[in-house]
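Inspection log for the structure reproduced underneath, given as structure tokens.
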Number of protein chains: 2
Amino acid sequence: MGISREEVEQLDRLVVTRKRVRRGENLYYTDDRFHSIYAVRSGFFKSTVLAEDGRDQITGFYMPAEIMGMDGIGTERHACDAVALENSDVCIIPFAKLEEISAKVRGLQRQFHKLMSREIVRDQGAMMMLGSMRAEERVAAFLLNLSQRFVARGYSPSDFNLRMTREEIGSFLGLQLETVSRLFSRFQEERLIDVQQKHIRILNAAGLARAAGQEPC
Amino acid sequence: MGISREEVEQLDRLVVTRKRVRRGENLYYTDDRFHSIYAVRSGFFKSTVLAEDGRDQITGFYMPAEIMGMDGIGTERHACDAVALENSDVCIIPFAKLEEISAKVRGLQRQFHKLMSREIVRDQGAMMMLGSMRAEERVAAFLLNLSQRFVARGYSPSDFNLRMTREEIGSFLGLQLETVSRLFSRFQEERLIDVQQKHIRILNAAGLARAAGQEPC
DNA sequence: CGTTGCGTTGAATAAGGTCAAATAGAGTGG
DNA sequence: CCACTCTATTTGACCTTATTCAACGCAACG
């Protein structure tokens, strides 16, 4: 988007290669030397940071067309672990090449900056959720967020499979897995969603949005 | 750092201008059209995002030499409010110019990318704090983080004035102001810090680090 | 001085966390 | 194909932590 035909040819020079990552494997580890960023082509990832005392926190989930690894640019080492939640494919985008070419191709430079900025805004949204929403609101907002991202990728917004466990959802939301489970059950009782293990159907998106505190009461 | 003499000359073309922002005034508002990023020269800022229902969350505090406004690049509108906590000075860095020149000056491009990446990593650290630390740990970690940032700027690491209220600290940490106040009192009883209103003296940094869960118990 | 905003402290309460037990699936090897 | 195992999930009971509500103190300022 926003780049010309000849610019596209330059893009080919990015010599993007592909890589398979099996479920449970790391795409990269914290402190790994940074060389590339990664575009998810298929599959699902989580990124986790771990504290000195061993606790870890999931800082994001990544689905196709999303970019991972920009955490590594600042220190030239990755600042989190990236783990595949299912068998996945990524494009490896060598960062030195990307910088070189984006210096020539204005549209690419712009796109890349926007991408990084959106990651910042996304994280700030997560901070808002963690800092000022109650458990019920977080879980509702989480489901709506997933829904929106699925629909943007051509999948159903109201019918999808969770790729992560209750514990992983809890880690991302700053809750215990039991709390997540209870809220799923509660939303089901209230006919907002239908839960069948990892399979979620959203029955009442407006109701969920209300539960997320995103609508007038 | 990392840029040559002739590159420095190019930098002058950034035609950086300055701006005063008085205590309580906004440097920018959410949804303001994005044109520039800002380097804090003197003073102190907070950035806040607000939810649909009016609640707001402080997503960061900014002190001299830190950069604000990168949240606006992605959508070309700012995603948060930036408010001065005391009379402050900023450098206005026109973003179009910055992109133009950083395309030519390799060192500048690199520095800018690192800056954005560090902002991502910083936010992920905040997410970890909000998601997986207890109130006591958050407050201790907050004080240590401030201390580190002060010392990096040539101020005392153990003797400083808070520029923000208890309520603002609470908002940033996802706690109520009373909880913050109680923990300050508790740390004082434990001789970890000395609190006199907004004036903080860190008496036992190792003890604080332990309270932050950053050290072996 | 009275006012106002900020900070501290106490008591009661509610929200989530912790612990424990039961259940349900998915995958494995016979 | 079935029994078995292991892990993920659900649910209940109880407990801890932090919030809420309220009162009071303090300092700055007109």
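The values are calculated or read from the model by the stated rules, or taken from the named source; none is laboratory data. Worth saying up front: this structure is predicted, and the values here are computed from it rather than measured. All Cβ positions, even for glycine, are placed from backbone atoms using ideal geometry, and neighbour counts span all protein chains on display.
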From A:191, A:149, grab the single residue that is part of a loop (DSSP other than H, G, I, E, B), modelled with pLDDT of 95 or more and over 30 Å from residue B:104 (Cβ atoms). A:191
Looking only at region B:73-89, count how many residues are facing chain A (nearest Cβ under 10 Å) and more than 17 Å from residue A:127 (Cα to Cα). 4
I'd like to check something: does region A:55-63 contain any residue that is at the interface with chain B (Cβ under 7 Å from one of its Cβ atoms) and within 13 Å of the chain's Cα centre (by Cα)? yes
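Listed here are the residues, each with its yes/no results for (1) closer than 27 Å to residue A:67 by Cβ; (2) modelled with pLDDT of 95 or more; (3) in contact with a His (Cβ under 9 Å, 6 or more places away or on another chain).
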| position | (1), (2), (3) |
| --- | --- |
| A:140 | yes, yes, no |
| A:169 | yes, yes, no |
| A:196 | no, no, no |
| A:204 | no, yes, no |
Of the residues in region A:114-143, how many are touching a strand residue (DSSP E or B) at 6+ places or on another chain (Cβ under 8 Å) and more than 16 Å from DNA strand D (Cβ to nearest atom)? 7
Does residue B:180 satisfy being free of Cβ contacts under 8 Å to residues at least 12 places away in the same chain, among the hydrophobic types (A, V, I, L, M, F, W, C) and within 16 Å of DNA strand D (Cβ to nearest atom)? no
Would you check if there is a residue in region B:33-41 being more than 7 Å from every other protein chain (Cβ to nearest Cβ), touching a His at 6+ places or on another chain (Cβ under 9 Å) and among the charged types (D, E, K, R)? yes
For region A:47-63, which positions are assigned to a loop (DSSP other than H, G, I, E, B) and either among the acidic types (Asp, Glu) or under 15 Å from residue A:164 (Cα atoms) (or both)? A:52, A:53, A:63
Hits in region A:33-62 - residues which are surrounded by fewer than 19 Cβ atoms within 10 Å (Cβ to Cβ) and under 28 Å from residue A:147 (Cα atoms): A:41, A:42, A:50, A:56
Name the single residue, out of those in region A:103-122 being at the interface with another protein chain (Cβ under 8 Å from one of its Cβ atoms) and over 27 Å from residue B:60 (Cβ atoms), that is modelled with the lowest pLDDT. A:106
Among the listed residues A:65, A:79, identify the single one that is surrounded by fewer than 17 Cβ atoms within 10 Å (Cβ to Cβ), in contact (Cβ under 8 Å) with a residue 12 or more places away in the chain and hydrophobic (A, V, I, L, M, F, W, C). A:65
For region A:123-148, name all the residues that are more than 16 Å from DNA strand C (Cβ to nearest atom) and more than 9 Å from chain B (Cβ to nearest Cβ). A:144, A:145, A:146, A:147, A:148
So residue B:118 clears everything in (1) surrounded by 16 or more Cβ atoms within 10 Å (Cβ to Cβ); (2) touching a residue at least 12 places away in the same chain (Cβ under 8 Å); (3) out of contact with any helix residue (DSSP H, G or I) (no Cβ under 6 Å at 6 or more places or on another chain) except one condition, right? Which one? (2)
Top-ranked residue of region B:149-167 - restricted to ones that are farther than 17 Å from residue B:66 by Cβ and within 11 Å of DNA strand C (Cβ to nearest atom), ranked as surrounded by the most Cβ atoms within 10 Å (Cβ to Cβ): B:166
Taking residue A:131 as the residue in question, decide whether it is small (Gly, Ala, Ser), touching a residue at least 12 places away in the same chain (Cβ under 8 Å) and crowded, with 23+ Cβ neighbours inside 10 Å. no
Identify the single condition in (1) facing chain A (nearest Cβ under 10 Å); (2) buried (at least 21 other Cβ atoms within 10 Å of the Cβ) that residue B:100 does not satisfy, given that it satisfies every other one. (2)
Filtering region A:168-189 down to residues that are surrounded by 15 or more Cβ atoms within 10 Å (Cβ to Cβ) and within 11 Å of DNA strand C (Cβ to nearest atom) yields A:170, A:171, A:173, A:174, A:175, A:179, A:180, A:181, A:182, A:183
